[in-house]
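Before any comments, here is the structure.
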Amino acid sequence: MDRLSEVLNRFSMDAGVFFTGNLCGMSSFELNKDEAIHGHLHVLKQGKLKLIQANMSSLIIDQPSVLFFPQGKTHRFESDPDVGADLVCAAIHYQSVGSDPIASALPELIHYPLNEKPALARSALWLFEEAFAQNSGREPMINRLCDIFIIQILREVLEDIELSQGMLAGLSHPQIGRLLATLHQSPQTQWTLEMMAQEAGMSRSKFASLFKTLVGKSPGEYLADWRMTLAQSMLKKNQSVGIVAHSLGYDSGSALARVFRKRVGMSPKEWLKSVSKIGKA
């Protein structure tokens, strides 16, 4: 399996298009506490927009472009009230609760002019064709096309050294990326630093140093965080603590519970209860 597929298979992102058409004047995109893990995707077909972010920094977009806020930062657009701008806007909903491993590995804003990204431009043409027509099955079609568009953005980020950070920076590196893909597929393995270095084809010291530089944490810390993220995802699907522990390489459910409390700050049962309250809010 490739570097990105394992992460996407475990932590899906679902797009929900909420606006297609001509945006005139000012529009704001704000978040409440229950939307903290939702992102926003905007794809400009034509027109001119002024993007104003929460810190009041601004950006003029005057050519077909993609604007992706992975972590859902508050922002607003201003456009010419007479001409407007043709735009597709979608909310991105992450599977996980709290810190999504994909969103947290991305910068606050990804901005790509479509004329600089041929693959994105091709995907955008199909998206625009569906979004600005009234074909049968239009809504689910454009939602699925946005899902594909997000994957295409992630592909671009993996090739963009300036944007890649955290997990995605590691996936972008040939040797570290190979090791991460293996870790993601086999979290239950009792990995040692020597085993990970060997999988990456490096010496122990070189591997540990490069991993920390690229990913921002040690290999052991990354593996522990990855297992906790997987544990939360599995617990949300009503899998028992014992089954989750076995799947992730812990000796017992109590062993997982001890690590869970240390890293998350509460027991698995307490965490599930808190997640349930958020879902009902």
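What follows draws every value from the coordinates through simple rules; no lab data is involved. Just so we're clear, the structure is a prediction, and the values are computed from it rather than from any experiment. Positions of Cβ are backbone-derived with ideal geometry, glycine not excepted, and every protein chain shown enters the neighbour counts.
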Tell me which label goes with the value of volume of the Cα convex hull per residue in Å³ computed from the coordinates here: [x] 130; [y] 212; [z] 146. [z]
If unit charges are put on Cβ atoms (+1 for Lys and Arg, -1 for Asp and Glu) and the dipole of the chain is taken about its Cα centre, the option from His38, Leu49, Trp271 lying farthest towards the positive end turns out to be Trp271
Compute the acute angle (0 to 90°) between the alpha-carbon long axis of helix 138-159 and the principal axis of greatest extent of the alpha-carbon atoms of the chain; round to the nearest 10°. 60 degrees
Among the listed pairs Lys236/Lys262; Lys237/Lys262; Lys50/Lys117; Lys117/Lys206, give every one whose C-alpha distance is greater than 25 Å. Lys117/Lys206
At 20 °C and a viscosity of 1.002 mPa s, what translational diffusion coefficient does Stokes-Einstein give for the range 122-281, taking Rh as the Kirkwood radius over Cα pairs? Give it in µm²/s as a whole number. 116 µm²/s
Ellipticity estimate at 222 nm from DSSP helix runs (n ≥ 4, -39,500 (n - 2.57)) divided over the chain, nearest 500: -14500 deg cm²/dmol
Hey, what angle do you get for helix 253-264 against the long axis of the chain, alpha-carbon based, 0 to 90 degrees rounded to 10? 50 degrees
Going highest first, how would you order 3-10, 258-265 by mean Cβ packing within 10 Å? 3-10, 258-265
Descending packing, highest mean Cβ count within 10 Å first, for 143-154, 110-121 is 143-154, 110-121
Debye, to nearest 20: dipole size of the chain, +1 on Lys, Arg Cβ, -1 on Asp, Glu Cβ: 1240 debye
So what's the gap between the Cα centers of the range 121-163 and the range 166-215, to the nearest angstrom? 31 Å
Nearest-ten-degree value, helix 219-236 long axis tilted from longest Cα axis of the chain: 70 degrees
Of the candidates Ser104, Ser123, Ser252, which one comes out as most mobile in a Gaussian network treatment of the chain with C-alpha springs shorter than 10 Å? Ser252
